[in-house]
Amino acid sequence: MIKLTEINENNWLKAASLKVNDHQRGFLDSALGIIARGYAYRDYNPKVIGIANDDTLVGLALVKDMDEEPACYDIQQFMIDKGYQNKGFGTQALKLILSELEKEGKYNCAEVCVKMADTAAIHVYEKTGFVDTGYIDDQLSDCLNLMYYFKK
């Protein structure tokens, strides 16, 4: 069963050892990079989230606050280890993360910027309810901006 877990001094080394397939490396940071970003974004209420299948760590996510328009949760990074992909863990974990963010209630939406070439990630986000906003950032012209709106 998929659950979310805190990354802390007891499990960060295990989290740092998670890896994606070679062709996915250009789409997101390394696991250690994700953990480091949690510190780098410390002024933006970052959450480095472990994704576990029972007691086995299978993935990581980084969510932070984004207070500029549109004010929302910003899903910076989301990864499932290469040994655990294509088992539905990503979709389950993303639903859990969104549920926790909705309960927190600081914002009414969550945003993610995804490389257009990362069709597997786009599929997971769209399957979970994210929609393409149509916005293309001039500095990230190879990315789609996807938004998830919490139910009111």
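The values are calculated or read from the model by the stated rules, or taken from the named source; none is laboratory data. Please read all numbers here as calculations on a predicted model, not as lab measurements. Counting neighbours? That spans all protein chains shown, and the Cβs are built from the backbone with ideal geometry, glycine included. Only protein heavy atoms, including side chains, enter the accessible area calculation; ligands, DNA and RNA are left aside. Shrake-Rupley method; radii C 1.70, N 1.55, O 1.52, S 1.80 Å.
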**Q.** Orientation-averaged projected area, Cα convex hull of segment 84-152 (nm²)
**A.** 5.2
Q | segment 54-152: GluC sites (Glu not before Pro) in DSSP loop, at most 10 other beta carbons within 10 Å | A | 68
Q | Among 145, 83, 61 the positive-end extreme of the charge dipole of the chain (Cβ point charges) | A | 83
Q) Add -39500 (n - 2.57) for each DSSP H run of 4 or more in the chain, then divide by its residues: what number comes out at 222 nm, to the nearest 500 deg cm²/dmol? A) -8000 deg cm²/dmol
Q.
Assuming 0.36 nm per residue, please report the length gained on full extension of the stretch residue 45 to residue 119 beyond their Cα-Cα distance.
A. 23.8 nm
(Q) Once each part is reduced to its C-alpha centroid, what is the distance from segment 1-24 to segment 68-115 in angstrom? (A) 15
Q. In nm, to one decimal, how far is the residue 149 label point from the residue 82 one, both placed 7 Å along Cα→Cβ?
A. 3.9
Q: Keeping the other protein chains in place, figure out the carbon and sulfur percent of the accessible area of the chain, with a 1.4 Å probe.
A: 49
Q. Using Cα pairs under 8 angstrom and six or more residues apart, how large is the relative contact order of segment 1-55, in percent?
A. 59
